[in-house]
Amino acid sequence: MNTLALPELANIPFVSAQDLQPPAGVPTGINTLDNFLLWKGIPKGDLSLFQGSPGTGATSLWVALTQKAHEQNKWVAWVNGGAQLLPTHLVSRQINLKKLLVVKEPHEAEQLFWVLQELITSSLFEVIGCELKEMFFKNHQLQKLKNLCRFHKVALIFVCHKISRFVNPLFSLIIQFQRDFITIQRALHRPTPFSMAGSAIHSQFLFHSQGDKEQKRVAKKFFLESSDISAGSKTYAAYAP
């Protein structure tokens, strides 16, 4: 019986195990979550989706990310979607308002798509968060945002109030939040679904338009509202120091 000779392997370059590194991530500071995920945090250069009604912890996890990014002297951006982050609570969580850009909710979906592209391509931000009542972006729009994030090494996180049973593969990470626990529905190279207690995550950083007037008055001291954000305009709303 004839045997086949193996090809010459001497000139084939090999990569050592020490040189193999997982993709970069932004740590959340929640050890159980960071240790489970391949990226040891939320993936950079990719899209993530946090799903859960207000008060279940989705926004609090984003605030935890912001805190870790600020510890590394990085900028973070947030696009409002019907509710506003409460500056007094942000300061209590050691959030540096000088390195947090907050954008007023655009009136049209196409304006929001443009704003996200502007924020990503500016290369200023480590993490960008965007609050949505429900996910309305089409797949081709998400794919474009994903490509931009990958090129500029930005972590783009959608915080969506409406939970969808559909697991969109364009998101490398999908987390669903409930009051007592959170469930990781999708995470690359990890067995999912994976559930963990939500006690380490608290969401007390939002107020709605019907909230306490005194809280709104304090927030407006920090928050500079822009008159509008439309295509062709670079006017943003940001927290003042």
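No lab work stands behind these numbers, since they all come straight from the coordinates. Here the structure is a predicted model, which is why all the values come from computation and not from measurement.
For the pair S122 and A109, the difference between a 0.36 nm per residue extended length and the Cα-Cα distance amounts to 2.7 nm.
In the structure shown, do any of K104/K138; K98/K162; K98/K138; K74/K144 have a Cα-Cα gap over 28 Å, and if so which? Could the numbers behind the result be given before it?
Working: K104/K138 22 Å; K98/K162 31 Å; K98/K138 33 Å; K74/K144 24 Å.
Correct reply: K98/K162; K98/K138.
Taking the alpha-carbon centroid of each part, what is the distance from segment 127-148 to segment 161-201 in angstrom? Computed from Cα coordinates, the inter-centre distance equals 17 Å. The phi-based Karplus calculation (6.51 cos²θ - 1.76 cosθ + 1.60; θ = phi - 60°) puts the 3J(HN,Hα) values of segment 174-179 at 10, 10, 9, 10, 10, 4 Hz, whole numbers, x for Gly and Pro.
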